[in-house]
1. Under a point spin-label approximation (7 Å from Cα along Cα-to-Cβ), what is the S105-K66 distance to one decimal in nm?
2. Given points 7 Å out from each Cα along the Cα-Cβ axis, report the T81 to S130 separation in nanometres with one decimal.
3. Between S120 and T90, with labels modelled 7 Å along Cα→Cβ, what's the label distance in nm to one decimal, could you check?
Amino acid sequence: MKRITVFLTIICSLAISQACGQKQKVSQVSSLTGSLLQRATSIVFSTDNGTVPPEYQYSCKVTVKKGSVRMTVKTEYGEKTPYDKTARLTDAQYRRFLNSLGGQSIRKSMAVEDPGHGGSQAILVVYQNSSVLFKGEDGVDLIVGRGTLADSFREVLPSDMRAILDNPERAKINNIFKKIKKK
């Protein structure tokens with residue numbers, strides 16, 4: 001009789017919490033492992049500053065492949081691209097990047113948070129050719145155990161690209177200065 005009572009209590013509390021909109025903690029479904037990263041042909045980190053007026057909006061995308069890293073910054077909801085640069089990566093730099101990213105204890109969670117409206121986002125996508133091996137959004141369905149998603153990518157960038165990742169608004173300012181110099 002005790003077992004039935006405990007079982008019914010658990011079932012009722014789950015039903016009530018779901019009806020009230022409370023999220024249940026769900027165990028991880030997958031994690032970003034070293035073996036998965038070894039199969040990757042490109043690893044993409046993208047971030048933006050959310051829903052803001054077009055003159056203030058930016059999105060930043062860093063793509064790491066064996067041999068190169070590329071950063072693109074778009075402003076005004078993709079209308080303009082004030083920054084697009086590719087830098088060479090040595091095999092040693094690429095291996096350090098993979099080890100760093102793999103060491104961040106990044107894992108997926110089935111407990112999806114409502115990101116709301118207007119907030120910035122940080123997304124990680126790992127590709128093997130055109131297939132997605134791993135994808136998630138930090139704070140929504142992705143848990144980063146150590147540091148932030150940007151940390152491993154920051155390490156692999158040359159200093160000028162790192163400065164843009166830390167403050168994408170600089171890309172817009174740098175582009176304005178380039179236009180003034182051309183005149």
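1. 3.0 nm
2. 2.0 nm
3. Here the modelled spin labels are 3.2 nm apart.
Any read-out appearing in this document is the output of simple, stated calculations on the displayed coordinates, not a laboratory observation. Nothing here was measured: the structure is a model prediction, and the numbers come from that model. Glycine gets a Cβ as well: all are built from the backbone with ideal geometry, and neighbour counts include every protein chain shown.
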